Each structure stands twice: as C-alpha cells, then as structure tokens.
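The values are calculated or read from the model by the stated rules, or taken from the named source; none is laboratory data. Since we're looking at a predicted model, the values are computed, not measured. No Cβ is skipped: glycine too gets one built from the backbone with ideal geometry, and neighbour counts run over all protein chains shown. What goes into the accessible areas is simple: the full protein's heavy atoms, side chains included, and nothing from ligands, DNA or RNA. Shrake-Rupley method; radii C 1.70, N 1.55, O 1.52, S 1.80 Å.
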Amino acid sequence: MENKGPYFLTTAIAYTSGRPHIGNTYEIILSDALARFKRMEGYDVFFQTGTDEHGQKIEEKAVAAGVTPQEYVDNIAGMVKSNFDLMNTSYDYFIRTTDEQHVKTVQKIFKRLYDQGDIYLGEYEGWYCKPCESFWTESQLVDGNCPDCGRPVTKAKEEAFFFNMQKYADRLMKYIDEHPDFIQPESRKNEMVNNFLKKGLLDLCVSRTSFSWGIPVEFAPKHVVYVWLDALTNYITSIGYDPDKTFEEQSERFKQLWPATHIIGKDILRFHTIYWPIFLMALDLPLPKMVFAHPWMLVGEGKMSKSKGNVIYAEELVEHFGVDAVRYYCLHEMPFAQDGTITWDLVVERINSDLANVLGNLLSRTISMTNKYFDGKIENPNVCAPVDEELKQVAMEAVKGAVACMDTFQVSAALDEIFNLLRRSNKYIDETEPWKLAKDPEQADRLQTVLYNLMESLRISAILLESFMPETAAKMLDALNTQQRSFDSIQNFGNLETGIECAKSVEPLFKRIDPKEFAGEEVKEEKKETKKADKKKKKKEEKPKDPIAIDTFDAISLKAGKVLEAKVHPDAKRLLIETIDLGEEQPRQIVSGIAHKYAPEDLVGKMVVVVANLLPATLRGVESQGMILCVDENKTGPKVIFLDDETKPGTVIR
C-alpha cells in the first residue's frame with residue numbers, strides 16, 4: 001500500500017482528578033477508530049494521548065487523601081491508562097505533564113514568551129472556577145456561577161503573569177476566516193467567534209502563586225505555570241519541540257509530524273481554539289490542521305456527573321458486554337454535532353438489534369450454509385443474477401461512503417454505511433433463498449455463487465469494521481480463512497480467494513441478551529433490593545407520617561463534613577466506609593450503602609451533609625458514627641448531597 005505520509009492525531013489529555021467514566025473514555029475510543037482507519041488507508045499515524053496532572057484541584061485532592069500530589073497523580077494516571085488499554089486503543093505515546101522532558105520544555109517556552117514581551121507581570125483579581133481551572137470576569141458569569149460547568153466560583157486576588165492575548169486576536173480571527181475547516185463542527189466555530197473573539201479577548205492569567213503543585217517558573221520561584229499553558233503544550237513537547245529553535249531548525253521528526261489534528265470535548269473548545277492557536281502564533285509555529293470538538297455522552301437527558309450519582313464506567317460495561325460491543329455503542333450512538341445518550345437498556349437494545357441480529361446472524365448463517373452445502377469450500381462459479389449486481393454496488397458504496405464519513409469525522413455515519421451492507425446481505429439471503437437452490441442439483445453453481453457473494457460482503461464489512469471493532473473483525477476474517485485483509489483489497493468486489501475452506505463452525509459473535517437478565521447477579525441483586533425498598537417506601541407513602549413537634553425536629557443535628565478517606569467495606573461490596581472531618585477533635589467513621597453508585601475516589605475531598613447525632617450502629621462488623629444525607633430522585637438510587645467546597649467542616653446546617 002502506498003504510504004500517504006505522516007498523520008499526527010491527539011486526544012485531549014485526561015485531567016487526573018478522578019476515575020474516568022464512559023463519557024471521558026468515549027474520546028479515546030473515537031480517536032482510536034480514526035487513527036486505525038487512517039493507518040488502514042496508508043497513513044503513517046502517530047496517535048497520542050495522556051494525562052494532565054497539575055493544578056490547585058489536584059493539590060487539594062492529594063491533601064484530602066493524605067498523599068503527596070505526585071503519588072495522587074501516579075495512581076490516577078495508572079487508572080486512566082488501564083482504562084484506555086482495556087478499550088483496546090492503539091495509541092503510540094502516552095504523555096504525562098509530570099514527565100521531566102515536558103516540564104523542562106514548558107519552562108523554556110514560558111521564558112521565551114516572557115523575553116519576547118508576550119508575557120508580563122501583573123496582579124489578578126476576579127472570579128476563579130477551581131474544577132475548570134478557569135478565571136472569569138463578573139460579566140462572564142452565568143447566574144453568578146462558572147459559565148462552563150455551572151459550579152460556584154470564588155474571589156481570587158494574587159500576583160500573576162499574564163499573556164497579551166490582544167496582540168494576536170486579529171491574526172487569529174483572520175486565520176479562522178481563511179480556514180473554514182479549522183474548527184469543527186461549524187456550530188462550534190460560530191460559538192468561539194461570536195462569544196469570545198468578537199467581544200474582545202482579555203489578557204490571560206498564565207501563572208499562579210496561591211498553590212505550589214505545578215511547573216515552577218524558573219525566574220520567579222513563587223509562581224507555577226497556569227495549568228492550561230502547561231497542558232496545551234503537551235502536543236509539541238511530546239514530539240521534541242525546542243523553544244530555542246525556529247520551525248526550520250527543529251528536528252526532522254517534529255517537522256514531519258507537526259501540525260496535528262486535535263480531538264477534544266466541546267467543553268474545552270475555548271482553550272484549544274483561542275488560547276492554543278495564540279500560543280503557537282507567539283512561538284512562530286503552524287496552527288493545528290483541525291480541532292474537532294465532539295459532543296457529550298449523556299445519561300438519559302442529563303450530563304454524566306459523579307455528584308449526581310448517574311455515572312456509568314467503561315469497566316462495568318465491558319464486564320457485561322465485552323470491549324467491542326461497548327466500542328460499537330459509543331461510536332454509533334454519538335452524532336456528529338449533537339450529544340449522545342447511554343443507558344444500560346439502550347446498550348442491550350443496540351447489541352441485540354445490530355450486533356446479534358444483523359452482524360452475528362449473517363456470519364453464522366453464511367458459514368453454516370457453506371459447510372452444509374459445500375463442506376466449507378469457497379468457490380465462485382460466477383453464475384450471476386441481477387440481484388447480485390445490486391449487492392456488489394452496495395458493497396462498493398459502503399467502502400466509498402465509510403471513507404468519506406471518516407474524512408469528515410462522522411464516525412457514526414461511517415458505521416451506518418457498513419451496516420447498510422450487512423443488512424443488504426441479510427436481505428440478499430432472503431431474496432436468493434439458498435435453501436431452495438440446494439434442493440436442485442442443477443442450481444449448485446448458482447448456490448455456490450450466492451454463498452461466495454455473501455462471503456465477500458462479509459470480508460469487505462470485516463475490513464471496514466476493523467477500525468471500530470478490532471477483535472470482532474479479526475474473528476470474521478479468521479472464520480472466512482482469508483489472507484485478503486488489506487484496505488486495497490476491498491476497492492473491488494471479488495478478491496476473496498477461491499479454493500480455500502471456511503471455518504467448520506463459529507461461535508456467536510454476539511449473543512442476544514435478555515433485557516431482564518443482562519446485568520448479571522450483582523446488578524440483579526441491586527434491582528431486587530431496590531424493588532424491595534420501593535415496596536417499603538410505597539407502604540410508607542400510603543400511610544402518611546404523623547406530624548412532629550418543632551422540638552423533635554430541633555433534636556436533629558446536621559453538620560458539614562469533609563470526606564478525608566473512603567474505602568469499600570471488606571465484607572459488603574455495597575457499603576463504603578468513610579472517614580469524615582466534622583470539625584471535631586477526631587474524625588468520624590461512617591458506613592454508607594452507596595458503593596454501587598460511588599467509587600471511593602468520588603467522595604474523597606468532597607463536602608457532605610452528616611446527621612451528626614445518631615446513636616452509633618454496627619454495619620457488617622464496622623461501627624458507623626452517623627449518616628451521610630442523600631436523596632433518591634425518581635427512584636434511581638441514592639445521590640449524595642454535596643456542599644460547596646469552601647464550606648468549613650463542622651458548619652452547623654441544622
């Protein structure tokens with residue numbers, strides 16, 4: 001295959017604040033499908049991902065967990081990498097912003113920008129969003145909260161270095177006008193231009209002095225580099241960028257790979273399409289080829305959030321459905337420009353309809369008939385009928401259509417092209433009726449031609465599917481016993497070898513799942529317990545509680561508590577044991593039945609409401625000295641009530 005040259009593809013680097021959920025994992029699955037497809041087409045792909053490991057939020061989480069920041073990010077980075085590996089992603093390089101090479105290069109970049117007058121020393125006073133690591137003016141807030149994530153902001157004032165954004169704003173606007181495909185989808189570009197560039201850019205704070213977990217500014221020891229200047233530069237530090245050299249003087253590797261194509265979430269579009277291009281302009285480097293901002297994966301109609309308790313993890317999905325089924329669902333159910341939706345029921349429905357019925361059934365029927373009628377031998381007597389030409393045309397259109405869709409990052413549409421061929425192949429079986437042909441010895445050559453056409457359609461489908469479902473594609477090609485597995489081999493219909501034998505039998509690629517039974521014993525037990533709880537709750541609702549006196553209500557003590565530690569109960573997988581600071585001399589130990597909704601790291605460092613004057617109770621051998629307040633909205637299970645991070649432990653609520 002002709003080498004089409006280098007192709008540098010990156011994901012955004014994952015922030016190491018906690019365990020990634022399926023919404024976070026979607027981005028690496030999407031990027032992996034694109035990287036694999038480009039490799040198949042003949043590009044020399046360099047696919048990079050990694051972790052973003054500095055910032056105030058991480059420093060505070062480490063303190064809350066009783067470990068150093070480096071220990072904290074080492075743990076989370078390992079968790080992220082394991083998650084990406086679980087999903088069979090083919091990244092070439094995993095960068096961490098605590099890597100020595102990255103740290104040193106960022107320090108040089110900062111110094112260069114300072115020396116050439118792009119960075120100056122000043123004082124920051126305004127609003128700061130800790131989760132987003134973002135600064136905002138009063139006018140940018142929405143209902144007094146962060147416009148990006150909606151969380152509360154805090155007033156901040158400190159000495160800081162600033163980047164002169166206005167110096168490059170007009171140049172960036174001109175570049176976006178002249179390169180209409182630079183920001184995709186189109187709606188995202190309009191958002192950045194209208195909401196930020198046209199309104200005028202404020203100078204960007206690029207250092208902090210109120211915490212220490214960051215890359216030190218060498219010539220100003222009190223300062224650490226602002227996390228976004230640190231994180232964004234990973235795309236060039238990883239491939240050997242030297243700030244002391246011009247682009248022409250950089251290494252051959254750097255010049256071959258840069259500029260990259262960036263895959264990011266829509267929530268960090270501003271950083272990648274305004275700040276990052278301006279940083280690159282200041283460094284006299286080419287801008288990225290494209291920044292593609294994918295939508296979010298929602299649970300039902302809401303954003304996935306650990307604080308809402310509606311998080312679904314890739315590991316849980318894989319445990320029940322397997323890697324390729326999860327990859328397929330994520331890639332197929334996320335539209336190009338709109339948010340996608342995931343629920344357990346929807347995953348089951350898609351597996352049954354597409355993977356078991358359409359794909360798995362087609363392979364099973366074709367292999368079975370080939371063995372039954374011809375002892376597994378694949379031949380092509382080429383006894384054709386008009387219906388064959390239609391199948392061949394659909395196959396060739398699937399190849400062209402998938403390529404066109406992947407060129408524009410419309411991954412879901414590319415899968416539709418492939419499944420159109422699979423559905424047409426199933427219809428072809430119904431039209432040709434091989435079981436009837438088999439009854440007439442004079443139709444043997446026609447029957448063998450029909451089966452060959454089905455085998456060839458499966459081969460073409462498998463090669464196209466390799467980027468999306470690698471293990472499934474390999475099983476399909478192995479079942480056909482073909483060596484014709486290249487992208488070049490599917491440019492024409494009829495390249496499946498003859499004179500070979502297919503597999504004698506195949507295991508079902510995907511078994512149909514009973515929606516009532518899909519979740520396994522643990523989740524079934526959870527459903528059973530939920531049902532019992534609902535029944536009990538209903539009984540309680542049927543009999544209204546008697547009014548209580550104000551004195552009785554006053555006897556309840558509710559206090560704010562900070563979760564210092566959390567772990568799963570050794571003898572009860574539904575229970576978490578938390579150590580909580582209530583502002584007292586000793587922290588409290590509390591046992592909560594929320595482990596099926598929250599991982600320990602989801603709680604550490606968070607502020608919760610504690611019923612502080614309950615009598616101690618022993619749960620599965622562990623004493624619980626209070627209760628965390630939760631709600632059960634729409635009977636979906638307990639959701640912890642979280643307080644603002646600025647709330648002090650021991651604050652009296654009631």
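Of all helices (runs of 4 or more DSSP H) completely enclosed by region 180-246, which ones contain at least 2 residues that are farther than 30 Å from Glu123 by Cα?
Details: elements: 186-192, 227-232, 234-237.
Of the helices (runs of 4 or more DSSP H) lying wholly inside region 180-246, those with at least 2 residues that are farther than 30 Å from Glu123 by Cα span 186-192.
Residues that are hydroxyl-bearing (Ser, Thr, Tyr) and either at pLDDT below 95 or under 15 Å from the mean Cα position of the chain (by Cα) (or both): which helices (runs of 4 or more DSSP H) entirely in region 283-401 hold 1 or more of them?
323-333
Counting only residues that are of a type in the set (D, E, K, R) and open to solvent by less than 50 Å² (accessible area, probe 1.4 Å), how many does region 84-101 have? Spell out how you get there, then give the answer.
Of all residues in region 84-101, those of a type in the set (D, E, K, R) come to 85, 92, 96, 99-100.
Subsequent filtering for residues that are open to solvent by less than 50 Å² (accessible area, probe 1.4 Å) retains 99.
Counting residues in region 84-101 that are of a type in the set (D, E, K, R) and open to solvent by less than 50 Å² (accessible area, probe 1.4 Å) gives 1.
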### Those residues of region 117-146 which are open to solvent by less than 20 Å² (accessible area, probe 1.4 Å) and either more than 23 Å from Gly200 (Cβ to Cβ) or part of a loop (DSSP other than H, G, I, E, B) (or both), in sequence order
Asp118, Glu133, Cys146
### Message
Any residue that is surrounded by 14 or more Cβ atoms within 10 Å (Cβ to Cβ), in a helix (DSSP H, G or I) and modelled with pLDDT of 95 or more - is there at least one of those in region 490-504?
### Response
yes
### Query
What are the residues in region 148-194 that are touching a residue at least 40 places away in the same chain (Cβ under 8 Å), open to solvent by 60 Å² or more (accessible area, probe 1.4 Å) and in contact with a Gly (Cβ under 9 Å, 6 or more places away or on another chain), if any?
Pro152, Glu159, Lys167
### Message
Please determine whether any residue of region 102-116 is outside any helix (DSSP H, G or I), open to solvent by less than 10 Å² (accessible area, probe 1.4 Å), in contact with a helix residue (DSSP H, G or I) (Cβ under 6 Å, 6 or more places away or on another chain) and not acidic (Asp, Glu).
### Response
no
### Message
Quick check on region 322-338: of everything there that is out of contact with any helix residue (DSSP H, G or I) (no Cβ under 6 Å at 6 or more places or on another chain) and over 18 Å from Lys266 (Cα atoms), which residue is least open to solvent (accessible area, probe 1.4 Å)?
### Response
Tyr328
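Quick grid of which residues meet (1) more than 24 Å from Val323 (Cα to Cα); (2) within 16 Å of the chain's Cα centre (by Cα); (3) open to solvent by less than 20 Å² (accessible area, probe 1.4 Å):
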residue	(1), (2), (3)
Asn3	yes, no, no
Phe8	yes, no, yes
Tyr15	no, yes, no
Gly18	no, yes, yes
Ile22	no, yes, yes
Ile29	no, yes, yes
Leu34	no, yes, yes
Phe37	no, no, yes
Tyr43	yes, no, no
### Query
In region 65-83, which residues are open to solvent by 10 Å² or more (accessible area, probe 1.4 Å), assigned to a helix (DSSP H, G or I) and either under 14 Å from Asp32 (Cβ atoms) or not acidic (Asp, Glu) (or both)?
Ala65, Pro69, Gln70, Tyr72, Asn75, Gly78, Met79, Lys81, Ser82
